[in-house]
Every structure is written in C-alpha cells, then in structure tokens.
Amino acid sequence: MSNNRADVLRAARGILTDYSLADLSMRRLATEVGVRPNALYWHFPNKQSLLAALADDILGDIDPSDPDQQWDARLADIAIGMRTALLAVPDSAEVVSSAWASGLATRTVSDDLTDVALSGGLSPRDAHGVATAICQLIIGLTIEEQTRAQMERLGVTGPSGRDFAAEFDDALGVLLDEARQRARADPDVGTH
C-alpha cells in the first residue's frame with residue numbers, strides 16, 4: 001500500500017481523535033496506515049517533525065480573515081478560527097505548543113496576527129505582544145479544556161461547570177480592547 005504525507009497526517013489526526021497524544025507513536029501510526037514503522041521515516045525523519053507537520057496541518061484549517069474587515073475584527077476571526085481548529089482535534093493544542101517550542105512548525109499564526117495588528121496601527125512591539133497574548137490564551141485555555149474533557153471521559157473527575165467558551169470570549173475581548181487603546185494612543189496611526 002502506497003501512502004503519502006497527507007495519508008500519514010490524516011491517520012495521525014485519527015489517532016488523536018480516537019485515543020490521545022499519548023497513543024500517537026510511530027509504531028501505532030504505521031499500523032494505522034498499513035506500513036512498517038521505518039516506512040514513516042520516508043516522510044518524517046523523527047516524531048518531532050511528524051508532530052510539527054501535524055500542527056501545521058491542524059492550523060491549516062483556519063479560514064483566512066477577510067481583508068475588507070477592520071483590523072480588530074480580523075484579529076478576532078483568526079483567534080476564533082485557531083480555537084475552532086484546535087478544539088476539532090483532541091490534544092491538538094499540546095501538539096501545536098510542542099511544535100512551536102521546537103521551532104519545526106512552519107504555519108505561523110502568530111505572524112498572521114502580528115501583520116493584522118500592524119495594519120491597525122500598533123507599533124511592531126505592541127503588534128507582536130498582542131499576537132503572543134492571543135496565541136498563548138488560545139493554547140493555554142485549549143490545553144486546559146482538552147485535558148479536562150479527557151479526564152471527564154476517563155472518569156477521573158466530574159464536570160467542572162466551567163464555560164470555556166465564555167472565558168475565551170471574555171479574555172479575547174480584554175486583549176482586543178487593549179490593542180484598540182494602544183492603536184488610538186499612537187498619534188501617527190492612520191486609518192487601517
């Protein structure tokens with residue numbers, strides 16, 4: 001059976017969805033795609049490069065923001081798209097965090113957010129800060145939500161009663177309000 005990179009990534013997503021990140025081994029993945037484990041190394045030299053490609057693949061599900069929208073609405077759209085993409089695949093926030101930490105991922109949502117913030121008139125430092133804050137909010141809160149869901153599935157704990165969606169909306173609102181304030185505070189800001 002001939003498998004390509006997309007087949008392997010699809011199978012890896014399936015393992016995350018059906019099981020967990022702890023179950024995503026090269027051996028199990030090879031079994032899922034019907035090859036010997038060493039055949040996977042044709043596509044990925046090691047597990048970390050597989051996880052980075054998987055992170056890029058998951059983040060590739062983010063719809064591009066509408067360039068005709070106001071910059072702050074575009075930031076919100078990217079953030080919501082990232083959260084939606086991560087929530088669609090269990091343990092994906094942990095995968096993305098690991099891939100970003102390794103420097104092997106190529107899909108740079110942070111760069112997209114920074115570019116949009118710059119278009120709104122934020123200074124480069126503030127634009128980068130907003131992008132970092134949004135990405136870390138999404139990664140951190142999603143890891144917590146996905147971990148909690150897994151604990152509940154396994155019967156380790158009962159429902160938390162937390163409304164993660166509302167927490168995300170509230171925190172994103174605070175970040176965007178501050179970004180708007182900083183953009184207005186710069187007298188050289190044009191209309192973007």
Study note, to complete from the structure: Matching residues in the range 13-24 (assigned to a helix (DSSP H, G or I) and either touching a Gly at 6+ places or on another chain (Cβ under 8 Å) or surrounded by 14 or more Cβ atoms within 10 Å (Cβ to Cβ) (or both)) number 5
Study note, to complete from the structure: Counting only residues that are closer than 20 Å to ALA127 by Cα and either open to solvent by less than 60 Å² (accessible area, probe 1.4 Å) or touching a Leu at 6+ places or on another chain (Cβ under 6 Å) (or both), the range 97-107 contains a total of 1
Exercise for review: Given the conditions (1) within 21 Å of THR17 (Cβ to Cβ); (2) modelled with pLDDT under 95, report the number of the one that ILE138 does not fulfil.
Suggested key: (2)
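Residues ILE143, ILE138: which one is in contact (Cβ under 8 Å) with a residue 24 or more places away in the chain, under 27 Å from PRO67 (Cβ atoms) and part of a helix (DSSP H, G or I)? Give the steps one after another, and end with the answer.
On the way: ILE143 fails: under 27 Å from PRO67 (Cβ atoms).
Residue meeting the stated conditions: ILE138.
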Point to revise | Subset of the range 80-125 [touching a residue at least 60 places away in the same chain (Cβ under 8 Å), in a helix (DSSP H, G or I) and of a type in the set (Ser, Thr, Tyr)] | key: SER92, SER119
Point to revise | In the range 50-64, the residues that are in a loop (DSSP other than H, G, I, E, B) and open to solvent by 20 Å² or more (accessible area, probe 1.4 Å) | key: GLY60, ASP61, ASP63, PRO64
Check your understanding: Here are some residues: SER119, SER123, SER110. Which one is surrounded by fewer than 22 Cβ atoms within 10 Å (Cβ to Cβ) and under 29 Å from THR147 (Cα atoms)?
Key -> SER110
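Just checking, which of PHE164, PHE168 is at pLDDT 95 or above, aromatic (Phe, Trp, Tyr) and within 15 Å of the chain's Cα centre (by Cα)?
Details: PHE164 fails: within 15 Å of the chain's Cα centre (by Cα).
Unique residue meeting the criteria: PHE168.
Working carefully through the options ARG74, ARG182, find the one that is buried (at least 16 other Cβ atoms within 10 Å of the Cβ), modelled with pLDDT under 95, assigned to a helix (DSSP H, G or I) and not small (Gly, Ala, Ser). Let's see the steps before the verdict.
Numbers: ARG74 fails: modelled with pLDDT under 95.
Every option except ARG182 fails the conditions.
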Point to revise | Of all residues in the range 25-49 being without any contact (Cβ under 8 Å) to a residue 24 or more places away in the chain and in a loop (DSSP other than H, G, I, E, B), the one that is least open to solvent (accessible area, probe 1.4 Å) | key: SER25
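The values are calculated or read from the model by the stated rules, or taken from the named source; none is laboratory data. Values in this document were obtained by computation on a predicted structure and should not be read as measured data. We place every Cβ from the backbone using ideal geometry, glycine too, and count neighbours over all the protein chains shown. The area values use the complete protein model at the heavy-atom level, side chains included, leaving out ligands, DNA and RNA. Shrake-Rupley method; radii C 1.70, N 1.55, O 1.52, S 1.80 Å.
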